[in-house]
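Student: Before anything else, here's the structure in question.
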Amino acid sequence: MTDGRSGSGLTFRPMKVRTPPRTLEHADYLDMRKGACVIEQDEHGDKVLLLADGTYLKLFRRKRIVTSAAWKPYASRFVDNAAALARVGIPCPVVISHYRIPSIVRDAVHYHPLEGRTIRQVIASGMPETRATQLRERLLKFIHLLHSLGIFFRSAHLGNIVLTPDDQLGLIDISDLTITWFRLGPFRRRRNMKHVLRYREDREWLMQSPEWARLDT
């Protein structure tokens, strides 16, 4: 895993999406989702589908009001961030296609999921305390690596950090992630750590490490 840094503190700049999303006609959308399992939904409809071939389709509502999500849609952010993370060796989902689906007023990203288990799933399955201690240390180093790469992950928690089958740490749910030219400064680092610690179950497990406990002072 490379960290993409230079001596000046510069990291890397995420590339813009080079091609616009492809239009997916309604009949093709219905054909794609045939036999799919709904993984996530809300009051507005389906959000994540597990397709019959084992790939995923993530659906994003198109914003009609003027917000950052209107000029930089979350589907585009997902595609850009996946490419940027891959360039520096951070495991993440692999994008297959980026679509616009006018019939349901959605953008969509079709992708291969990141194989592995979330840290919450790893914790729930149980492990010796020596391994738990090592995992807490690895997580702290991983978050520091992200910060050194200029990555600010607002949604960071133990449910979207994944331990892969080849024992690497990676990220999922990557739309809510920003990448800058420079490594993060102290204020943004502390702010991001607060995000990681905001869920009670995550916090209680992490706080068993003195290193993590010091971050809460």
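The values are calculated or read from the model by the stated rules, or taken from the named source; none is laboratory data. No experiment lies behind these values; they were computed from the predicted model shown. Cβ atoms come from the backbone with ideal geometry, glycine included; neighbour counts cover every protein chain shown.
Student: Please identify the pairs in which a residue from segment 98-123 that is of a type in the set (Val, Ile, Thr) has its Cβ atom under 6 Å from the Cβ atom of a residue that is surrounded by fewer than 17 Cβ atoms within 10 Å (Cβ to Cβ), counting only partners at least 6 apart or on another chain.
Tutor: VAL105/ARG62; THR118/GLY159
Student: Please give the number of the condition ASP167 fails out of (1) free of Cβ contacts under 8 Å to residues at least 60 places away in the same chain; (2) surrounded by 12 or more Cβ atoms within 10 Å (Cβ to Cβ); (3) of a type outside the set (Lys, Arg).
Tutor: (2)
Student: Same structure, new question: Name the residue that is surrounded by the fewest Cβ atoms within 10 Å (Cβ to Cβ), counting only residues in segment 28-51 that are modelled with pLDDT under 95 and assigned to a loop (DSSP other than H, G, I, E, B).
Tutor: Only one residue tops the list, namely GLU43.
Student: Could I ask something else about it? Answer yes if at least one residue in segment 188-202 is loosely packed, with under 12 Cβ neighbours inside 10 Å and of a type in the set (Asp, Glu), and no otherwise.
Tutor: No - not one qualifying residue is present in segment 188-202.
Student: LEU10 versus (1) surrounded by fewer than 17 Cβ atoms within 10 Å (Cβ to Cβ); (2) modelled with pLDDT of 90 or more; (3) in contact with a strand residue (DSSP E or B) (Cβ under 7 Å, 6 or more places away or on another chain): which is the lone unmet condition?
Tutor: In the conditions (1) surrounded by fewer than 17 Cβ atoms within 10 Å (Cβ to Cβ); (2) modelled with pLDDT of 90 or more; (3) in contact with a strand residue (DSSP E or B) (Cβ under 7 Å, 6 or more places away or on another chain), LEU10 misses (2) alone.
Student: Filter segment 67-123 for residues that are among the polar types (S, T, N, Q) and over 15 Å from ARG33 (Cα atoms); which is farthest from the chain's Cα centre (by Cα)? Full working, then the answer.
Tutor: As a first pass, look at segment 67-123 and keep what is among the polar types (S, T, N, Q): 67-68, 76, 81, 97, 103, 118, 121.
Filter once more, so that each one left must be over 15 Å from ARG33 (Cα atoms): 67-68, 76, 81, 118, 121.
On the way: THR67: 21, SER68: 18, SER76: 13, ASN81: 8, THR118: 11, GLN121: 16 Å.
Filtering first and then ranking leaves THR67.
Student: Being in contact (Cβ under 8 Å) with a residue 40 or more places away in the chain and under 13 Å from LEU206 (Cβ atoms) is the filter; apply it to segment 142-158 and report the residue that is surrounded by the most Cβ atoms within 10 Å (Cβ to Cβ).
Tutor: Out of the qualifying residues, it is ALA156.
Student: Being at pLDDT 90 or above and of a type in the set (A, V, I, L, M) is the filter; apply it to segment 194-217 and report the residue that is nearest to SER155 (Cα to Cα).
Tutor: So, considering only residues that are at pLDDT 90 or above and of a type in the set (A, V, I, L, M), the one nearest to SER155 (Cα to Cα) is VAL196.
Student: Consider SER76 against the criteria (1) among the polar types (S, T, N, Q); (2) under 26 Å from GLY54 (Cβ atoms); (3) at pLDDT 95 or above: it satisfies all of them except one. Which criterion is unmet?
Tutor: The one condition SER76 does not meet is (3).
Student: A further question on this structure: Surrounded by 12 or more Cβ atoms within 10 Å (Cβ to Cβ), more than 27 Å from TRP181 (Cβ to Cβ) and among the polar types (S, T, N, Q) - does that describe any residue in segment 71-78? Break it down stepwise before answering.
Tutor: The initial filter retains those residues of segment 71-78 that are surrounded by 12 or more Cβ atoms within 10 Å (Cβ to Cβ), namely 72-78.
Restricting the remaining residues to those that are more than 27 Å from TRP181 (Cβ to Cβ) gives none.
Checked against the condition, which is being surrounded by 12 or more Cβ atoms within 10 Å (Cβ to Cβ), more than 27 Å from TRP181 (Cβ to Cβ) and among the polar types (S, T, N, Q), segment 71-78 yields no hits at all.
Student: Which one of these is exposed (fewer than 15 other Cβ atoms within 10 Å of the Cβ) and among the basic types (Lys, Arg): ARG136, ARG131? Steps first, please.
Tutor: Details: ARG136 fails: exposed (fewer than 15 other Cβ atoms within 10 Å of the Cβ).
None of the other options fit; the residue is ARG131.
Student: For segment 175-204, name all the residues that are among the basic types (Lys, Arg) and out of contact with any helix residue (DSSP H, G or I) (no Cβ under 6 Å at 6 or more places or on another chain).
Tutor: Let us first name the residues in segment 175-204 that are among the basic types (Lys, Arg), namely 183, 188-191, 194, 198, 200, 203.
Correct list: ARG188, ARG190, ARG191, LYS194, ARG198, ARG200, ARG203.
Student: With the requirement that a residue be touching a Gly at 6+ places or on another chain (Cβ under 9 Å) and crowded, with 17+ Cβ neighbours inside 10 Å, what does segment 102-121 give you?
Tutor: Those that are touching a Gly at 6+ places or on another chain (Cβ under 9 Å) and crowded, with 17+ Cβ neighbours inside 10 Å: ARG106, LEU114, GLY116, THR118, ILE119, ARG120.
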